[in-house]
Amino acid sequence: MQQVKIHISTKMKQQGQTIEQTCFGKQFSKGEGWYYVYKEDLGENQEVSSTIKVNKGMATIIRTGAIRMRQEYIVGQWTEGKYEGPFGMMWMETKTEQVTGTEDQFLLVYRLKLNGEDMGRYEIAMNMEVI
């Protein structure tokens, strides 16, 4: 297990917006996959713990705290989940285009629908730096 500094870039293509953030956490390999575990500070005493499991064309993201969600991302498939945040609960559907995870980077590209509304294409890129 390695302690890491994680730079996260989330591109929301349809909205033309990119969110950048830096978090601290840990990473480790298990079998042929990778796990990334980190905390996000959303301000106003709101924190989110995130765990990402990546293995062979699929990823699972689990978030707890101020935001709660569990979503599987499987390349070429639509998957369903739910997102619970400060503004209530929303149903999620994602169609995954790409998932890769290595010791120093993670990439997830997918289409997102929230409560049936097409939110467009998202790209999450994470770069890990051992500290």
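Here Tyr38 fulfils each of the conditions (1) in contact (Cβ under 8 Å) with a residue 40 or more places away in the chain; (2) within 29 Å of Met119 (Cα to Cα); (3) part of a strand (DSSP E or B) apart from (1).
Counting only residues that are touching a His at 6+ places or on another chain (Cβ under 6 Å) and among the hydroxyl-bearing types (Ser, Thr, Tyr), how many does the range 95-131 have? Summing the residues that are touching a His at 6+ places or on another chain (Cβ under 6 Å) and among the hydroxyl-bearing types (Ser, Thr, Tyr) in the range 95-131 gives 0. Filtering the range 44-79 to residues that are open to solvent by 70 Å² or more (accessible area, probe 1.4 Å), outside any strand (DSSP E or B) and either acidic (Asp, Glu) or free of Cβ contacts under 8 Å to residues at least 24 places away in the same chain (or both) leaves Glu44, Asn45, Gln77.
Based on what the data block shows, is Met119 in a strand (DSSP E or B) and either among the small types (Gly, Ala, Ser) or within 14 Å of the chain's Cα centre (by Cα) (or both)? In short, no. Condition first: open to solvent by 70 Å² or more (accessible area, probe 1.4 Å) and more than 22 Å from Tyr122 (Cβ to Cβ). Now tell me which residues in the range 1-18 satisfy that. Across the range 1-18, the qualifying residues are Met1, Gln3, Lys5.
Residues in the range 19-31 that are open to solvent by 70 Å² or more (accessible area, probe 1.4 Å) and under 26 Å from Arg111 (Cα atoms): 3 in all. Of all the criteria given as (1) closer than 18 Å to Ile6 by Cα; (2) among the acidic types (Asp, Glu); (3) surrounded by 14 or more Cβ atoms within 10 Å (Cβ to Cβ), the one not satisfied by Asp41 is (3).
Residue count for the range 22-46 satisfying the condition of being touching a strand residue (DSSP E or B) at 6+ places or on another chain (Cβ under 7 Å) and modelled with pLDDT of 90 or more: 14.
Selection of the range 99-110 for residues being open to solvent by 80 Å² or more (accessible area, probe 1.4 Å) and in a strand (DSSP E or B) yields only Gln105. In this structure, does Gly88 turn out to be modelled with pLDDT under 95 and surrounded by 15 or more Cβ atoms within 10 Å (Cβ to Cβ)? Taking the combined requirement at face value, the residue does not satisfy it.
The values are calculated or read from the model by the stated rules, or taken from the named source; none is laboratory data. Here the structure is a predicted model, which is why all the values come from computation and not from measurement. Positions of Cβ are generated from backbone atoms using ideal geometry, with glycine treated the same way; all protein chains shown enter the neighbour counts. To get the accessible areas, we keep the full protein, side chains included, count just its heavy atoms, and leave off ligands, DNA and RNA. Shrake-Rupley method; radii C 1.70, N 1.55, O 1.52, S 1.80 Å.
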